[in-house]
């Protein structure tokens with residue numbers, strides 16, 4: 001029996017057209033959040049430490065937070081991609097180092113109920129917030145709040161992992177995936193690290209690539225003609 005696909009899909013910048021956590025911080029966090037961001041970019045603190053400290057600086061009621069989230073746009077082709085993936089028997093999970101509450105609310109607005117693995121956003125009083133990290137790992141190489149590599153490693157043996165992502169939080173797990181649909185910064189990372197991937201601009205292209213993935217054409221030898229000219233597999 002042929003192996004099926006376990007699709008692990010990033011949210012911020014991949015499904016959502018902007019980074020939701022950054023949007024929340026810009027609107028509602030005290031200015032110190034940018035100093036914490038700079039410390040993370042300089043490598044002085046981990047992603048998990050950065051997120052936890054930044055979320056603790058939020059000053060917003062739930063209604064204010066919800067109003068911002070309800071203005072966040074997603075890739076218009078994602079709902080159709082999700083339906084096609086499920087119809088083909090794929091498992092589709094949103095795996096993010098972002099905020100579970102934000103992701104679930106945004107997806108629900110589009111009629112989507114998908115498994116979400118992300119950092120847990122919890123109210124701390126009327127206007128305060130904090131993060132819990134139920135999917136972190138002490139041995140996570142990059143110190144993420146959500147260890148995407150651990151999620152990929154927990155896939156059933158009968159399934160192969162397809163990663164769909166765009167940025168730094170996807171770099172580590174890309175090497176563990178069987179194939180990658182890569183956006184933005186992840187494209188160059190896959191090229192440099194010689195990771196099998198197809199560059200995409202969005203889910204319209206991912207939807208077009210899905211039949212080739214299911215038919216095994218993306219694993220074809222390099223001298224085999226592929227049906228879509230946008231496919232790229234790095235040797």
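The values are calculated or read from the model by the stated rules, or taken from the named source; none is laboratory data. Here the structure is a predicted model, which is why all the values come from computation and not from measurement. Every residue, glycine as well, gets a Cβ built from its backbone with ideal geometry; the counts of neighbours run over all protein chains shown.
Points to keep in mind about this one:
- Residues that are assigned to a loop (DSSP other than H, G, I, E, B) and in contact with a helix residue (DSSP H, G or I) (Cβ under 6 Å, 6 or more places away or on another chain) were ranked within the stretch 177-221; the one that is surrounded by the fewest Cβ atoms within 10 Å (Cβ to Cβ) is 195.
- Residue match in the stretch 133-144 (condition: crowded, with 20+ Cβ neighbours inside 10 Å and either modelled with pLDDT of 95 or more or within 12 Å of the chain's Cα centre (by Cα) (or both)): no
- Condition met for residue 117 (buried (at least 17 other Cβ atoms within 10 Å of the Cβ), without any contact (Cβ under 8 Å) to a residue 40 or more places away in the chain, in contact with a helix residue (DSSP H, G or I) (Cβ under 8 Å, 6 or more places away or on another chain) and at negative phi): yes
- Residues located in the stretch 146-169, provided they are modelled with pLDDT under 90 and within 15 Å of the chain's Cα centre (by Cα): 167, 168, 169
- When the helices (runs of 4 or more DSSP H) confined to the stretch 27-81 are screened for residues that are touching a helix residue (DSSP H, G or I) at 6+ places or on another chain (Cβ under 6 Å), those reaching at least 3 such residues are found at 33-41, 47-55.
- Condition broken by residue 40, with the remaining ones in (1) at pLDDT below 95; (2) surrounded by fewer than 16 Cβ atoms within 10 Å (Cβ to Cβ) satisfied: (2)
- Only one entry in 48, 105 is within 21 Å of the chain's Cα centre (by Cα), farther than 25 Å from residue 205 by Cβ, at pLDDT below 95 and surrounded by 16 or more Cβ atoms within 10 Å (Cβ to Cβ), namely 48.
- In the stretch 14-38, the residues that are touching a residue at least 40 places away in the same chain (Cβ under 8 Å) form Cβ pairs under 7 Å with partners that are surrounded by fewer than 15 Cβ atoms within 10 Å (Cβ to Cβ) and assigned to a loop (DSSP other than H, G, I, E, B), at six or more places apart or across chains, as follows: 17/73; 28/59.
- Residue match in the stretch 160-176 (condition: out of contact with any strand residue (DSSP E or B) (no Cβ under 6 Å at 6 or more places or on another chain), under 18 Å from residue 78 (Cβ atoms), touching a residue at least 60 places away in the same chain (Cβ under 8 Å) and part of a helix (DSSP H, G or I)): yes
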